[in-house]
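The values are calculated or read from the model by the stated rules, or taken from the named source; none is laboratory data. Being a predicted model, the structure only gives us computed values, none of them experimental. Note: ideal-geometry Cβ built from the backbone for every residue, glycine included; neighbour counts use all protein chains shown. When the accessible area is computed, the model is the full protein with side chains, heavy atoms only, and any ligands, DNA or RNA have been set aside. Shrake-Rupley method; radii C 1.70, N 1.55, O 1.52, S 1.80 Å.
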Amino acid sequence: MSRRPFIAGNWKMHGNRASIAELLTALAQARFHAEMIDIAVFPPFVYLDQALAALGQTTIAVGAQTVCREEQGAFTGEVAASQLHDVGCRYVLIGHSERRQFFGETDAIVVKKCQRALGAGLVPVVCVGETLQEREQQQTEAVVARQIDAVLNAITDITALNRLVIAYEPVWAIGTGLTATPEQANDIHAFLRTRVAKIAKNCAEKLKILYGGSVKADNIALLLAQPDVDGGLVGGASLSAPEFLKIIDIVSHCATTPEMSTNAH
Ligand code: PGA
């Protein structure tokens, strides 16, 4: 695996000040091969500052779970990309399936959010993925192609494209305990990379594509052993410090000793 692995923890709408403080303390005190792995956590907006303060001296970055599609102004309740950047966020999740499903986020909205994020100096982690019904109807490639092409067609600047991270999250695997098999994940990752390569071969080789959907300590090694899987977007398992740190430990070991990646478990 030539790309440095990236483990991202999506905390969704979980936690409170006390539980998040506990999680952050454990992360801030953890020891891992920092040079071998990129790590980021995505707390709810109201705890971003708390996370940034607690992780400020560490190599763990902080990101937001969504962002406003507009640049600034009278948009009550929204948060601008420039504001996220201003407080110290490095990343932002865009187009998570829960946003698409429950908050009407369309491909067009995802594109606008992506442009705002890039414009503000954030790294967008663009999420794509098919529902169970779409997979059963053999629509997986068509769906993720539509989702990613919308973004790729809108980002014409190669420097911007170079900053993009993609997360493939089959909707049927999110929070269900069902995981795509490593091969199923890799097939779609490779397909997505080919899509990017059509526009910019160099970007495609460097592009990090994370897998998300019930990632845990006991399945991350086999997922990461796949050539096109560059890390994980971890939901439920990122809320437990021991589990998340175990994932980080496994991934940093896979990165140091690639031969371990297939037999770590
Ligand atoms: P999960 O969530 O790990 O709990 O399945 C992943 C995600 O939604 O990003």
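Values for this structure:
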quantity	calculated
Tensor-based shape of region 77-204 (alpha-carbon gyration tensor, a/c under 1.5 rounded, otherwise prolate or oblate)	oblate
Nearest-0.05 FRET efficiency for THR159 and PHE191, computed from C-beta distance (R0 30 Å)	0.75
Stokes-Einstein diffusion coefficient of the chain, Kirkwood radius over Cα pairs, 10 °C, 1.306 mPa s, in µm²/s	87
Residue-normalised accessible area of region 25-93, expressed per residue, 1.4 Å probe, Å²	51
For region 161-265, accessible area per residue (1.4 Å probe, heavy atoms of protein chains only), Å²	38
Anisotropy class of region 16-73 from Cα gyration tensor, a/c 1.5 cut	oblate
Within region 226-251, backbone nitrogen closer than 17 Å to the virtual label 7 Å beyond the Cα of LEU132 toward Cβ	none
Counted charge near THR106, where neighbours are those whose Cβ lies closer than 13 Å (Asp, Glu -1; Lys, Arg +1)	+4
In the chain, lysine pairs closer than 17 Å at Cα, eight or more apart or cross-chain	4
With every protein chain in place, region 92-139: carbon and sulfur % of accessible area (1.4 Å)	51
Accessible-area composition of region 40-86, carbon plus sulfur, in percent [1.4 Å probe]	46
Difference of contour (0.36 nm per residue) and Cα-Cα distance, HIS14 to ASN202	63.9 nm
Long-range HN-HN contacts of GLY231 with modeled amide H, under 5 Å	PHE6, TYR211
Amide hydrogen neighbours beyond the local backbone of SER240, cut-off 5 Å, H modeled	none
